Amino acid sequence: MKKFFLFVLIFSACGGSSDLTTVVDTTTTTVADTTTTTVADTTTTTVADTTTTTVGAVREEGGNNPQGSEGMRGNNNPPQLMNLLILNWGPYDSGTGISGDFEFRSDIQVTFFDEFGRVHSAGTPSVYDNTTFEYKVPRDTKVYVPIDGVIDFINWQPSSGYKQDDWELTIKPWIGSDWAVVVDHVVSINCDRSNTSICNIPLTINGMEIKSGSQVKAGDLLGYVGNYEDGEGGSIFGRTEITIGKYILNGNQRDFNNYCPISYLHPNVKSNLEASVNQIMASYESWSGDSSFYNEANMIAAGCWYNEIYESNGKTTPTK
């Protein structure tokens, strides 16, 4: 998963037209994307990273309101998730191995639901604690916007080291918020998911291309899950990930503190989605015959080993 750190400066003149000047300092942390079924209660683990810094100026006039749904003076409260990207979690059919958008298949050696805190790349220098809810599901699974807010940035991700060729975007409650929801690995709803060729059509909502500054609503259809390549070189399934967290100023850099998504669900959907996450883990354990795969009894919440996982300088530090 990649994290991008952005600084935005906005200058406006009283009376007459106003200019929006954006200075973007982007740091990309790339992690090896190998999944393991080992869960460790680690204190600090290391992520292999590649850093790319880009500084540019962008001028926008008119178009979408860049201030977000709450305006420039919005509060700094965390957003409340109305969904977890996918909407159909079940019920589970033991005869087919299908539970809503999930399809358990013995010919695909993956973890279909990677919980928050699952150790990836265990035993390697690039070991890290998963900071997302990650789903491996059929390529035509639809992805929905999880909060009301504004697109902070959107980025096309070409494959490099592992399969991507899909989009990543960050949604904030309002443009000045320190809080962000990251949606990683999604492709346009206009892509033909029966075709495995690269499709870099821009993301659209209700037929309109979304860009930095675009307003979005929870429940908007965002696109299809992005791409995934299994260890055999196949691309039968896709994947997508959701992260919720807060940018933290640490000296001259901004780090990112990731939080358990279950802890930030809107009260109207919390009980149903908690039950859905618990059900998908229990269903997989029933299908695989491994009742201890997720070890739910030791989780702090449905699908979460930790309350938070702090990322700084290529390292993840989880906290119960």
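The values are calculated or read from the model by the stated rules, or taken from the named source; none is laboratory data. Note that this is a predicted model, so its numbers are computed, not measured. We place every Cβ from the backbone using ideal geometry, glycine too, and count neighbours over all the protein chains shown. Calculation scope for accessible area: heavy atoms of the full protein, side chains included, ligands and nucleic acids excluded. Shrake-Rupley method; radii C 1.70, N 1.55, O 1.52, S 1.80 Å.
If Arg193 meets every condition in (1) touching a Lys or Arg at 6+ places or on another chain (Cβ under 8 Å); (2) within 26 Å of Glu311 (Cα to Cα); (3) basic (Lys, Arg) apart from one, which number is that one?
(2)
Looking at the stretch 194-214 only, could you name the residues that are open to solvent by less than 80 Å² (accessible area, probe 1.4 Å) and either at positive phi or modelled with pLDDT of 95 or more (or both)?
If the condition is that a residue be open to solvent by less than 80 Å² (accessible area, probe 1.4 Å) and either at positive phi or modelled with pLDDT of 95 or more (or both), then Cys199, Ile201, Pro202, Leu203, Thr204, Ile205, Gly207, Ile210, Ser212, Gly213, Ser214 are the ones that fit.
Exactly one condition in (1) part of a strand (DSSP E or B); (2) open to solvent by less than 10 Å² (accessible area, probe 1.4 Å) is not met by Ser177; state its number.
Ser177 satisfies every listed condition except (1).
Got at least one residue in the stretch 248-265 being under 26 Å from Gly95 (Cβ atoms) and among the aromatic types (Phe, Trp, Tyr)?
No, the stretch 248-265 has no match at all.
From the set of residues in the stretch 143-170 that are open to solvent by less than 10 Å² (accessible area, probe 1.4 Å) and outside any strand (DSSP E or B), which is farthest from Asn77 (Cα to Cα)?
Applying the filter and picking the extreme gives Gln164.
With respect to Asn268, is the statement that it is modelled with pLDDT of 95 or more, within 27 Å of Ala180 (Cα to Cα) and open to solvent by 10 Å² or more (accessible area, probe 1.4 Å) true?
yes
Considering (1) under 22 Å from Lys142 (Cβ atoms); (2) of a type in the set (A, V, I, L, M); (3) open to solvent by 30 Å² or more (accessible area, probe 1.4 Å), say which one Ile300 fails and leave the rest.
Looking at each condition in turn, Ile300 falls short on (1).
Among Asp140, Asp107, which is the only one that is in contact with a strand residue (DSSP E or B) (Cβ under 9 Å, 6 or more places away or on another chain), more than 23 Å from Glu308 (Cα to Cα) and not in a strand (DSSP E or B)?
The match here is Asp140.
Could you figure out which of (1) more than 20 Å from Pro138 (Cα to Cα); (2) in contact with a Ser or Thr (Cβ under 7 Å, 6 or more places away or on another chain); (3) buried (at least 17 other Cβ atoms within 10 Å of the Cβ) isn't true of Gly223?
Of the numbered conditions (1) more than 20 Å from Pro138 (Cα to Cα); (2) in contact with a Ser or Thr (Cβ under 7 Å, 6 or more places away or on another chain); (3) buried (at least 17 other Cβ atoms within 10 Å of the Cβ), the odd one out for Gly223 is (1).
I need the strands (runs of 3 or more DSSP E) fully contained in the stretch 220-320, keeping only those with at least 1 residues that are among the basic types (Lys, Arg).
237-250, 253-259, 315-319
Conditions: (1) open to solvent by 10 Å² or more (accessible area, probe 1.4 Å); (2) of a type outside the set (Lys, Arg); (3) in contact with a Cys (Cβ under 9 Å, 6 or more places away or on another chain). Asn250 meets all but one. Number of the miss?
(3)
Here are some residues: Gly68, Gly95, Gly90, Gly100. Which one is modelled with pLDDT under 95 and of a type in the set (Gly, Ala, Ser)?
Selected residue: Gly68, the only one of Gly68, Gly95, Gly90, Gly100 that is modelled with pLDDT under 95 and of a type in the set (Gly, Ala, Ser).
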